[in-house]
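Colleague: My questions will all concern the structure given below.
The values are calculated or read from the model by the stated rules, or taken from the named source; none is laboratory data. No experiment lies behind these values; they were computed from the predicted model shown. A quick note on method: Cβ atoms are made from the backbone with ideal geometry, for glycine too, and the neighbour counts reach across all protein chains shown.
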Amino acid sequence: MDYPLEQDPGAPVRGGVPEHGRVPKYYAVKARISALLDTWESGTPLPTEREPAARYEVARETVRQALRELLLEGRLRRQGRGTVVAGPKLEQPLSLGSYTEGVRRQGRRPGRSLIGLDRFPCPAALAAELGLAEGEAVWHLERGLLADEERVGLESTYVSVARVPDLERDFDPDSSFYAYLRERLGIGFGTAEERIETVLASPREALLIGTPPALPMLLLHRVSRDTAGRRLERVRTLYRGDRFSFTTRLGEAAE
């Protein structure tokens, strides 16, 4: 099928308009506002709902629904009491690199805020994932993820106390955990098993990230191994769906 001249191959075919040509009013308004956003710089404040309602001759609730979808898609973001144009999404590579490294590659300033560092006996399910004995001591490191001071995610890392005995004393919570393992302990990463799914944040998670509970999240589960094949860490990371996308490089599949 040939694309029309105005059709972006990365966009929905025919701009998302069904074959019968009828679209809800809010979607038509959303498409018009979206086209305007492409011409505005990041941080540009949006006019009040009254202005586009008058321009497009629709009810303010119709405009409100269009803006809600653009917020969920990450085209807009809240700033104080107003709404502004959002910047491009952060692209996080699906690789054995840290969040810090991924954000820096895009010219953004990464950061982490410590929420808690606890030590507890490993329950059976977690022990199975980490290759530990049930009841063996593990660390739970929980941190908020920042990009240019904007809260964008929440990360929980579980690692054996025996592997990283001085974590509470030696580790700077605002730094890369992977760099700490490599440079301070000489532990290299070998492979990882990773799974991604879409979820809604719990009320606690939404509060920590600073988002409404209805905002879709990308949840990443990872179990990493060191270069000797030993299981090293279990990570649960929640990323804002409106601020992140994931990228990977694919090769030819083996038959």
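Colleague: Which one of these is basic (Lys, Arg) and within 15 Å of ARG143 (Cβ to Cβ): ARG163, ARG204?
Modeller: Result: ARG204 is the single residue among ARG163, ARG204 that is basic (Lys, Arg) and within 15 Å of ARG143 (Cβ to Cβ).
Colleague: Hey, among PRO52, PRO47, which residue is touching a helix residue (DSSP H, G or I) at 6+ places or on another chain (Cβ under 7 Å) and either part of a loop (DSSP other than H, G, I, E, B) or at pLDDT 70 or above (or both)?
Modeller: Among PRO52, PRO47, only PRO52 is touching a helix residue (DSSP H, G or I) at 6+ places or on another chain (Cβ under 7 Å) and either part of a loop (DSSP other than H, G, I, E, B) or at pLDDT 70 or above (or both).
Colleague: Right, next: Determine whether segment 122-140 contains at least one residue that is part of a strand (DSSP E or B) and acidic (Asp, Glu).
Modeller: Scanning segment 122-140 turns up no residue that is part of a strand (DSSP E or B) and acidic (Asp, Glu).
Colleague: May I pose another question? Taking ARG240 as the residue in question, decide whether it is touching a Leu at 6+ places or on another chain (Cβ under 6 Å), buried (at least 19 other Cβ atoms within 10 Å of the Cβ) and not polar (S, T, N, Q).
Modeller: Values: touching a Leu at 6+ places or on another chain (Cβ under 6 Å): no; buried (at least 19 other Cβ atoms within 10 Å of the Cβ): yes; not polar (S, T, N, Q): yes.
So ARG240 does not fit the description; no.
Colleague: Condition test on GLY144, is it farther than 22 Å from PRO110 by Cβ and either in a strand (DSSP E or B) or in contact (Cβ under 8 Å) with a residue 12 or more places away in the chain (or both)?
Modeller: no
Colleague: Additional query: Checking ALA11 against (1) modelled with pLDDT under 80; (2) within 30 Å of GLU136 (Cβ to Cβ): exactly one of these is not met. Which one?
Modeller: Evaluating ALA11 over (1) modelled with pLDDT under 80; (2) within 30 Å of GLU136 (Cβ to Cβ) leaves (2) as the failure.
Colleague: A further question follows. Restricting segment 131-172 to residues that are crowded, with 19+ Cβ neighbours inside 10 Å and among the hydroxyl-bearing types (Ser, Thr, Tyr), which is farthest from ARG240 (Cα to Cα)?
Modeller: So the residue we want is SER160.
Colleague: Let me ask something additional. Would you point out which residue out of ARG81, ARG64 is out of contact with any Cys (no Cβ under 6 Å at 6 or more places or on another chain), surrounded by fewer than 12 Cβ atoms within 10 Å (Cβ to Cβ) and within 19 Å of ALA214 (Cα to Cα)?
Modeller: Unique residue meeting the criteria: ARG81.
Colleague: Whether any residue in segment 196-212 is closer than 28 Å to ARG78 by Cα, of a type in the set (Lys, Arg), modelled with pLDDT under 90 and loosely packed, with under 13 Cβ neighbours inside 10 Å is what I want to check. Show your work before the answer.
Modeller: At the first step, the residues of segment 196-212 found to be closer than 28 Å to ARG78 by Cα are 196-212.
After this cut, where a residue has to be of a type in the set (Lys, Arg) as well, the list is 204.
So of that shortlist, the ones also modelled with pLDDT under 90 come out as 204.
With the extra rule that they be loosely packed, with under 13 Cβ neighbours inside 10 Å, the set shrinks to 204.
Among the residues of segment 196-212, at least one is closer than 28 Å to ARG78 by Cα, of a type in the set (Lys, Arg), modelled with pLDDT under 90 and loosely packed, with under 13 Cβ neighbours inside 10 Å, which makes the answer yes.
Colleague: Right, something else. Determine the pairs where a residue that is assigned to a loop (DSSP other than H, G, I, E, B), located within segment 59-82, has a partner that is surrounded by 13 or more Cβ atoms within 10 Å (Cβ to Cβ) and of a type in the set (S, T, N, Q) with Cβ atoms under 8 Å apart, the partner being 6 or more residues away or on another chain.
Modeller: ARG75/SER34
Colleague: Condition first: closer than 19 Å to GLY116 by Cβ, at pLDDT 90 or above and surrounded by fewer than 13 Cβ atoms within 10 Å (Cβ to Cβ). Can you find one or more residues in segment 177-195 that meet it?
Modeller: no
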